[in-house]
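Here's the structure we're looking at; comments come further down.
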Amino acid sequence: MLRMTQTSTVLSLFFLFLHTTFGESGCTSADGDGTFGDDEPDNFDINCFSQLEFKGSYSSLTCNFTELSPHNTNYTLSLCTKEDSNNVCFNMEKQEDAYFLQFVDILSKKAICMDSETKRRVCRSLVVTDIVKPEVPFNINITYQKEANEYLIHYSTPHSLKKYLQDKLIHQIAYRQEEGTWKTIESPFLQVKLLGKKLGNDASYEVKVRSQPNGDFFKGTWSQWSASKTFRTAREQDSTESYSNVVLVIFSVLGFMLSIVMIVLIGTFWENRIKPAVWPNLSDHKKTVEQLCKKPKNNFDISFNPESFGYVHIHKVDGIRAKAELENFLQLSTAPEKNLPEKFKNESDLKMIPVMADKSNTDLSVTYGGIWPAEALHKLVGTSQFPVIEANCSSMPKGLKSFLILRDTQILFCHWDVAMFDVACWRRIAVPRQHSTFSTSTQHHGNLQTEET
Amino acid sequence: NPAFFRSIFRTLPLLLVLSPVSSSNCTMGNRTTEIRVKYENILSHDIDELVNMSAEYRDRCCKNKNHENSKMFFCNDTQEIESLQSMACNMLRFFHRQKISKDFRWKAALVSCGTLQVLRCKCERHKKEK
């Protein structure tokens, strides 16, 4: 019993030791701390960088020796990955002065190991995501923005279409003026602006760009410089040109405001002032007569035929007294008895029946012939106050013109002897025919023609 | 007999040592930040790419309507790491056997291996696709 107990104790302790040593810790290295190969310090000088997604899903590792081996010994570089307690190593391909290898896994912990004929294998740990070298930017474009006097520099990077380094880069833009010193600016974006006032006028500039991981997760080195692009800055605007631009703007604004004011004024005064002055209303005689004339009474004779005025009292006046009577006529006062001028007496056989004017009646009560003074005619007729209608009567003797004068509500029928410069007018008096006792006389000379009824 | 119980007691650690490891073989520890950072910067992009490629093979894996397949990719609460390990290992085994395009199998294997690498897990009894 005691032997069994001792044996079981030994076995349990033994297996417990085995479980500890061969457990999931995966300690298979000789030094027991998880490192590869000999834990020597970095005594081989190599410089490596990785390029993510350089071809599809493959990433690459490129290494080169910083110092050549004095004995020109052949070295072999390999990239090792620990898998399932085993180290899986892949030899790097030698390309001229560098060693190259492409792989997929960028998450696992790796090591770069160097093998040589004379030395033991030496390894150094390596984190692929900490030695990233981005690809070169390309397609640099410079656009001048005249209004802001700025130069927009835009460029592209292959990582914009890839997975890992998209928006994880910082870009450095370098520019200089014609073999001058380089000036740099950095930006996480794919475009930057250069102020025109900080650049020379009408000068040639050179621009180039490179990229680097921003350091949040991916770290590494600068990419190679892109191809340079040159551009020429604009010439500075002359002060006079800028001044003329300001003046032009001011005049444009003033002209616009003036046009607005003119439009408002024209719209305001169009009906009252502008239109009557430009297109005055011409008087229409017929319409004017219609407006002035009252509707004729029944049995109101309107005829240009002198014979129709046969029943009208005809009064001849003395030519000497014509002027005074005219004045009375114009003043609408009682007309005195008129006598015909001498020449008419000799040539006519007239009998006059004086008709007394009705003072209460402002209408004309007498007619008179004789020379019609110009001013009187003008006073009577006026410019357009009393319309004068000239009539052509076939029964009238030649050289005799007849016309109607409208004054107030009276129609005067007048004869004008052109040759004799004599005018005689009649006014119809509302006297019953059976009571009319007037005599008429006929004057063949052309002035008057009266009839005795 | 007191000697009998002492012998059993001493045998017990042996039994515990020799018993198969049924729990996850992932390396535990407070690595939440490291796992999250690696997922956000690398693994998430590969998973997105795999999802886009899987759109071409929609329902092809579920022709037989075998619901057992869905159990391979089920995530248990409070056992996220174990669930992810299980999914990654199952995906390796599952797509290795199906007649699916090489590019898709390659991408699936990449995601599986990346997941196991981030979690520092291994698949039991099966070798990962190299």
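The values are calculated or read from the model by the stated rules, or taken from the named source; none is laboratory data. Just so we're clear, the structure is a prediction, and the values are computed from it rather than from any experiment. Heads up, the Cβs are rebuilt from the backbone with ideal geometry, glycines too, and the neighbour counts pull from every protein chain shown.
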Considering only region A:167-182, how many residues are free of Cβ contacts under 8 Å to residues at least 40 places away in the same chain, under 18 Å from A:S223 (Cα atoms) and surrounded by 13 or more Cβ atoms within 10 Å (Cβ to Cβ)? 2
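I'd like to check something: does region A:232-254 contain any residue that is within 30 Å of A:V132 (Cα to Cα), among the polar types (S, T, N, Q) and more than 14 Å from chain B (Cβ to nearest Cβ)? If you could, list the steps in order and put the result at the bottom.
Filtering region A:232-254 down to residues within 30 Å of A:V132 (Cα to Cα) leaves none.
Checking region A:232-254: not a single residue is within 30 Å of A:V132 (Cα to Cα), among the polar types (S, T, N, Q) and more than 14 Å from chain B (Cβ to nearest Cβ).
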Any residue that is in a strand (DSSP E or B) and within 18 Å of A:F218 (Cα to Cα) - is there at least one of those in region A:131-143? yes
Among the numbered conditions (1) surrounded by 12 or more Cβ atoms within 10 Å (Cβ to Cβ); (2) within 35 Å of the chain's Cα centre (by Cα); (3) of a type in the set (D, E, K, R), tell me where A:K133 comes up short. (2)
Failed condition for B:S23, given (1) at pLDDT 80 or above; (2) within 14 Å of the chain's Cα centre (by Cα); (3) among the hydroxyl-bearing types (S, T, Y), with all others met? (1)
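For region A:108-130: of the residues being within 14 Å of chain B (Cβ to nearest Cβ) and either outside any loop (DSSP other than H, G, I, E, B) or modelled with pLDDT of 90 or more (or both), which is farthest from A:L194 (Cα to Cα)? Steps first, answer last, please.
Step one: filter region A:108-130 for residues within 14 Å of chain B (Cβ to nearest Cβ), giving A:108-110, A:127-130.
Right, trim to either outside any loop (DSSP other than H, G, I, E, B) or modelled with pLDDT of 90 or more (or both) and you get A:110, A:127-130.
Numbers: A:K110: 43, A:V127: 38, A:V128: 36, A:T129: 33, A:D130: 32 Å.
Step by step, filter region A:108-130, then rank; the result is A:K110.
Any idea which residue in region A:183-214 is farthest from the other protein chains (Cβ to nearest Cβ), counting only those that are in contact (Cβ under 8 Å) with a residue 60 or more places away in the chain and either within 17 Å of A:S228 (Cα to Cα) or under 43 Å from the mean Cα position of the chain (by Cα) (or both)? Can you show your working first?
Step one: filter region A:183-214 for residues in contact (Cβ under 8 Å) with a residue 60 or more places away in the chain, giving A:207-213.
The next check asks that each one be either within 17 Å of A:S228 (Cα to Cα) or under 43 Å from the mean Cα position of the chain (by Cα) (or both); those that pass are A:207-211.
Working: A:V207: 31, A:K208: 29, A:V209: 24, A:R210: 22, A:S211: 17 Å.
This residue is A:V207.
For A:C89, are the conditions met, namely being at pLDDT 90 or above, in contact with a Cys (Cβ under 7 Å, 6 or more places away or on another chain), in a strand (DSSP E or B) and within 14 Å of another protein chain (Cβ to nearest Cβ)? Let's see the steps before the verdict.
Values: at pLDDT 90 or above: yes; in contact with a Cys (Cβ under 7 Å, 6 or more places away or on another chain): yes; in a strand (DSSP E or B): yes; within 14 Å of another protein chain (Cβ to nearest Cβ): yes.
Spelling it out, A:C89 is indeed at pLDDT 90 or above, in contact with a Cys (Cβ under 7 Å, 6 or more places away or on another chain), in a strand (DSSP E or B) and within 14 Å of another protein chain (Cβ to nearest Cβ).
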